[in-house]
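For reference, the structure discussed in these notes is given below.
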Amino acid sequence: MGPTEAPIMRTSGLCEKHVSERLLLTVKVVVFVKIAILFSLAINTRFVMDEFWHFTQPVYLFDGTFETIWPKKAVGYAVFYELSHLIGWDATSMLMVGRLMTACLAVAIVWCIYLCCRSLGAERVTALIAVALLLSFSNFIERGFRLRSEPLATLLGAMAVLVIVRYETDRAKTLLIAGLLSGFAFVTTQKSIYFNFALGTALTMDALFARSVSRAIKRGVLLVLGWIAAIAIYAVLLGGSSLLKVLEVLFLGPAELALNGGSYYEGLDAYIWQTLKRNSLQYGLVIFGLILTASRVFKCASRERIFFIFTVLLAVLVFFHNQTWPYVFVMALPFLAIYGADAFAYLTQRSDRWSYRVLGILIIITVLSTARNVQYLSHDNHAQLELIRNAEAVLDQDDTYFDGIGMIPSRRMEPRLWLDAQAVNNTKAQGKAAVLYDSLLRSEPKLVLLSYRTDNLGKVFNTVLETNYVFLSPNIMLPRETHHEISTDRIDRPLLFESIYSY
């Protein structure tokens, strides 16, 4: 660090020599309690429909992977969840193992953020406060364990940034490893282009701040080379002779969804206001910390400037994404939390009075967020898991089922139709010409699970379904020729999923 450079992360105020061991112990306890809550929520919380669809993809992993995994996504996450399928002995155990593995990913993200904070010059207590703040964000602690691609991609993105800020930035090895990790994030989910773009831009802009075009070019080239290496490994291992097809789908497959996916839903901006409202104190501290850093960005060291530019760009991309579902914010919150901790450190420097005020804010955040976490435990998955156990018990190993969701990860769903809003509209428009209609007409699925998504298919499909299938229970239907005990009670069907605006 040169004589004119100063670290963004403050090392006074909340320095260990000025903070009692009692405070340090208290923050540690808060972190451990929050991690325990994270795992409790992972085990207990109701599944959302997207989780089932992501988690069931390993069933089709080497069966036309790049055409059948919706929506032609990168399948790195499916490789990861294959471990849960191998460990679990039935559908519900697979789901629980998957949730616990994803919760471990969230803890690994927390650890990466702690190391990033320390690498940026923060004292241990400040880094722990960053972790505590991250775990207090409702989106992170309630979504960080979800069976989706984002947690794995976020961990890989965080590791890439950690390599840059922890080791010598301009070493070829550092940049290549960071590029490799960024590439693996991309093949986990193409949404990781946000990490890739933000990190590449941050490295380039920092070099240009130093008025070194050659350094900017070198950084960009080495980062891209590492990124390309990850893409090549992915295409060779999973594509084989279909390598070119894999690359085509990897880059073009989700393009339509990325550009137009948000148009199939209304009111998604409500989730932005929801997270701001539920975490107003946390976001207030983050914004204050970002403003403080922005005012000193020309004086700071290279790694702090890179991290700052990366975080700002990533946050803008995430919060202005056209599909702002709650789990998307998980991609940006780990990096933003560091600036909330920096705000704490800055305010405690002002006076003892401000130190007490800031600690009071931390206590309020902890109490309010923990109270919400405890309330969220009532949002349980007991009915869902009971339904899955009952449905799986009816199916032989080679039997197929249909629900448009993928709730039974130990069995194959046929037809392989993901009933999101777009697919529901398209299937209804196709009517009797739809693949699903033909399948139900011939009673091909040996079991049908009902939810509001199947209900939304309309009269044509409900008619063929009720003509060829009968109720085993309010949510389960079997082919008429294989079951004769008819129950017509659909009014008391258990609520397995809530509307898209309630999670």
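The values are calculated or read from the model by the stated rules, or taken from the named source; none is laboratory data. Being a predicted model, the structure only gives us computed values, none of them experimental. Note: ideal-geometry Cβ built from the backbone for every residue, glycine included; neighbour counts use all protein chains shown. What goes into the accessible areas is simple: the full protein's heavy atoms, side chains included, and nothing from ligands, DNA or RNA. Shrake-Rupley method; radii C 1.70, N 1.55, O 1.52, S 1.80 Å.
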request  = In Å and from the alpha-carbon atoms only, list the Rg and Dmax of region 329-486.
outcome  = 24.9, 79
task = Quickly rank 427-433, 369-375, 44-50 as a protection proxy: mean count of other C-beta atoms within 10 Å, highest first.
result = 44-50, 369-375, 427-433
message = Once you place label points 7 Å from the Cα toward the Cβ at Asp269 and Val374, how far apart are they in nm?
response = 3.7
ask   = Which FRET efficiency value, to the nearest 0.05, do you get for Ile363 and Ile228 by plugging their Cβ-Cβ distance into 1/(1 + (r/R0)^6) with R0 = 35 Å?
value = 0.15
ask   = Roughly how many Å² is the accessible area per residue of region 324-477, as a whole number, for a 1.4 Å probe?
value = 40
inquiry  = Translational diffusion coefficient of region 363-410 at 10 °C, 1.306 mPa s, Stokes-Einstein with Kirkwood Rh over Cα pairs, in µm²/s as a whole number.
reply    = 117
inquiry  = Taking θ = phi - 60°, what integer Hz values does the Karplus form 6.51 cos²θ - 1.76 cosθ + 1.60 yield along region 192-198, in sequence order, with x for Gly and Pro?
reply    = 5, 4, 4, 4, 4, 5, 5
inquiry  = Ratio of alpha-carbon Rg to the 2.2 N^0.38 Å globular estimate for the chain, to two decimals, please.
reply    = 1.05
31 Å Cα-Cα threshold exceeded, pairs from Lys73/Lys428; Lys173/Lys299; Lys277/Lys459 = Lys277/Lys459
message = Just to be sure I understand the model, the point goes 7 Å from the Cα along the line to the Cβ. What's the resulting Ser280 to Glu466 distance in nm?
response = 4.7
query = For the pair Gln430 and Cys104, how long in nm is the line joining their label points, each one 7 Å along Cα→Cβ?
reply = 3.9
ask   = Once you sort the root eigenvalues of the Cα gyration tensor of region 66-178 as a ≥ b ≥ c, which label holds: rounded (a/c under 1.5), prolate (a/b larger than b/c) or oblate (the other case)?
value = oblate
task = Can you send over the carbon and sulfur percentage of the accessible area for region 41-145, probe radius 1.4 Å, protein chains only?
result = 66
note = Taking a ≥ b ≥ c as the square roots of the eigenvalues of the Cα gyration tensor, with a/c under 1.5 meaning rounded and otherwise prolate when a/b exceeds b/c and oblate if not, region 283-362 is oblate
query = Once you sort the root eigenvalues of the Cα gyration tensor of region 121-213 as a ≥ b ≥ c, which label holds: rounded (a/c under 1.5), prolate (a/b larger than b/c) or oblate (the other case)?
reply = oblate
key: Spin-label zone in region 424-450 - amide nitrogen under 17 Å from a point set 7 Å from the Cα of Lys459 along the C-beta vector   = 428-433
